[in-house]
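The values are calculated or read from the model by the stated rules, or taken from the named source; none is laboratory data. It should be emphasised that the depicted structure is a prediction, and the values quoted were computed from it without experimental measurement. Heads up, the Cβs are rebuilt from the backbone with ideal geometry, glycines too, and the neighbour counts pull from every protein chain shown.
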Amino acid sequence: MKRHKTSLGHDYFETMYRGTDDPWDLESSAYERDKYAHSIGALAGRTYELGFEIGCAKGVLTQSLATQCHALLAIDVSETALKAARERCAALDHVSFGRMIFPGRAPIGSAFDLIILSEVAYYWDAHDISRAAQWIATHIAPGGDILLVHWTGETDYPQSGDDAVIKLQAALALAITVITTERMPHYRLDLWRAHA
């Protein structure tokens, strides 16, 4: 399988969302439902002041993350996906959305105590993984959590799920402690905590 050499951008995702209502079965598959429940469970009931979800898609996980955060910013590259996410979370006043192509464009000035990368880091090339790590290191609050969940099967993305996580972990090694690494049949879940 031939891999993309550079990070996948706006056009790739916008085409996917315009081509079908739910391109990755985020709303309907048992895999996604179980993975989202596992993601929330990994946070062990901790409540966060300010969360940041990178690649929120249609807001399915966002809706669950909202119960763990006093305020939550969710971003995506696709305006089509964000429209659906805004509609899904319309009743949640403490959730806000923005269109950003991370890590090229990212929030400034805020310190987040939860950063979520669910099925997103493997879309980045090595340069963008390095840029993402630099941003995370300077925007994660002391003692804050970084939750990563990635498919471990074959893809044509710039990275495999394992490669993306390994590269991010190496780039953040001096800033984090690994809390858990769990391998499920089709995905891995990693929880890291920033040094206090």
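General observations
- For E79, the criteria (1) closer than 21 Å to R33 by Cβ; (2) in contact with a Lys or Arg (Cβ under 9 Å, 6 or more places away or on another chain); (3) surrounded by fewer than 21 Cβ atoms within 10 Å (Cβ to Cβ) hold in every case but one, which is (1).
- Any hit, segment 133-151, residues being among the acidic types (D, E), surrounded by fewer than 19 Cβ atoms within 10 Å (Cβ to Cβ) and on the phi < 0 side of the Ramachandran plot: no
- Verdict on I108 being touching a residue at least 12 places away in the same chain (Cβ under 8 Å), β-branched (V, I, T) and at negative phi: no
- Number of positions in segment 26-68 that are among the acidic types (D, E), under 21 Å from R188 (Cβ atoms) and at pLDDT 95 or above: 1
For (1) small (G, A, S); (2) touching a Cys at 6+ places or on another chain (Cβ under 9 Å); (3) assigned to a strand (DSSP E or B), each residue gets a yes or a no:
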| residue | (1), (2), (3) |
| --- | --- |
| G143 | yes, no, yes |
| L147 | no, no, yes |
| G153 | yes, no, no |
| Y157 | no, no, no |
| D163 | no, no, no |
| K167 | no, no, no |
| A173 | yes, no, no |
| T181 | no, no, yes |
| P185 | no, no, no |
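- Among (1) closer than 25 Å to A37 by Cβ; (2) over 15 Å from the mean Cα position of the chain (by Cα); (3) surrounded by fewer than 16 Cβ atoms within 10 Å (Cβ to Cβ), the one test that S64 misses: (2)
- Selection within segment 97-120: residues that are charged (D, E, K, R) and assigned to a strand (DSSP E or B). The member of this set that is farthest from L43 (Cα to Cα) is R99.
- For A84, the test of being more than 16 Å from H139 (Cβ to Cβ), out of contact with any helix residue (DSSP H, G or I) (no Cβ under 6 Å at 6 or more places or on another chain) and in contact (Cβ under 8 Å) with a residue 12 or more places away in the chain is passed.
- Pairs, first under 21 Å from A85 (Cα atoms) in segment 44-56, second among the aromatic types (F, W, Y) and in a loop (DSSP other than H, G, I, E, B), C-beta under 8 Å, six or more apart: I54/F102; G55/F102
- Scanning segment 161-196 for residues that are of a type in the set (S, T, N, Q) and either modelled with pLDDT under 95 or touching a strand residue (DSSP E or B) at 6+ places or on another chain (Cβ under 6 Å) (or both) yields T177, T180, T181.
- Within segment 38-49, tally of residues that are exposed (fewer than 12 other Cβ atoms within 10 Å of the Cβ) and part of a helix (DSSP H, G or I): 1
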